[in-house]
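Structure, as structure tokens:
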Amino acid sequence: MSLMDRIGEDIKAAMKSKDKVRLETVRGIKKVLLEKKTSGEVGADGTLSESQELEVLMQQAKQRRDAIAAYRQAGREDLAAQETAELEIIEEYLPRQLSEAEIAAVVDDIIGRVGASSPKDMGKVMGPAMQQLKGQADGKLVQKLVKEQLNG
């Protein structure tokens, strides 16, 4: 089942169950996917590739994480809770997120492969790390772990 088919089914299910948060979140995902599709960034068959769909979902998740941080900093736990609920729904469509230990192991492997030894080599590590961990890890966490390991 394609992502768009799954989203369509989830919209119907959310409407039947009267789950307003899920309905609005899934509709939002569908809207962004349709916008990307009509922007001309589609394949020859007129559909988005899996990586393009993943990119949209990761962007939506990042927006929610940023909003949660901003709302918490402003002391608005009610809005942070709303964004957290939406983030949990979006994450259902993303691949399983790796643990910090799993990410650290991947980063260690990449550091060994590219021969990085100092913080100046961060660019050598971040590119391959983000490519390998795409959709499975938050970029800020990967960056933090790379910094720690290159400074350590």
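Among the residues in segment 68-77, are any surrounded by 15 or more Cβ atoms within 10 Å (Cβ to Cβ) and of a type in the set (A, V, I, L, M, F, W, C)?
Yes, segment 68-77 has at least one match.
Within segment 1-23, count every residue that is of a type in the set (D, E, K, R) and crowded, with 16+ Cβ neighbours inside 10 Å. Walk me through it before giving the result.
Within segment 1-23, the first condition is being of a type in the set (D, E, K, R), and the residues that meet it are 5-6, 9-10, 12, 16, 18-20, 22.
Add one more test, that the residue is crowded, with 16+ Cβ neighbours inside 10 Å, and what stays is 10, 22.
Residues that pass the stated criteria total 2.
Report the residue count in segment 82-100 for those that are at pLDDT below 90 and among the small types (Gly, Ala, Ser).
Residues flagged as at pLDDT below 90 and among the small types (Gly, Ala, Ser) within segment 82-100 amount to 1.
Looking only at segment 134-152, count every residue that is part of a helix (DSSP H, G or I) and either crowded, with 18+ Cβ neighbours inside 10 Å or not basic (Lys, Arg) (or both) and tell me the total.
Taking segment 134-152 and keeping what is part of a helix (DSSP H, G or I), we get 139-151.
Remaining after also requiring either crowded, with 18+ Cβ neighbours inside 10 Å or not basic (Lys, Arg) (or both): 139, 141-143, 145-146, 148-151.
Of the residues in that region, 10 qualify.
Scan segment 122-133 and tell me whether some residue there is surrounded by 14 or more Cβ atoms within 10 Å (Cβ to Cβ), part of a loop (DSSP other than H, G, I, E, B) and either polar (S, T, N, Q) or touching a Lys or Arg at 6+ places or on another chain (Cβ under 6 Å) (or both).
First, the residues of segment 122-133 that are surrounded by 14 or more Cβ atoms within 10 Å (Cβ to Cβ): 122, 124-126, 128-130, 132-133.
Filter once more, keeping what is part of a loop (DSSP other than H, G, I, E, B): 133.
Now drop any that are not either polar (S, T, N, Q) or touching a Lys or Arg at 6+ places or on another chain (Cβ under 6 Å) (or both), which leaves none.
Checked segment 122-133: no residue is surrounded by 14 or more Cβ atoms within 10 Å (Cβ to Cβ), part of a loop (DSSP other than H, G, I, E, B) and either polar (S, T, N, Q) or touching a Lys or Arg at 6+ places or on another chain (Cβ under 6 Å) (or both).
The values are calculated or read from the model by the stated rules, or taken from the named source; none is laboratory data. Bear in mind that the values here come from a model prediction, so they are computed numbers and not experimental data. Ideal geometry is used to build each Cβ from the backbone, glycine not excepted, and the neighbour counts take in all protein chains shown.
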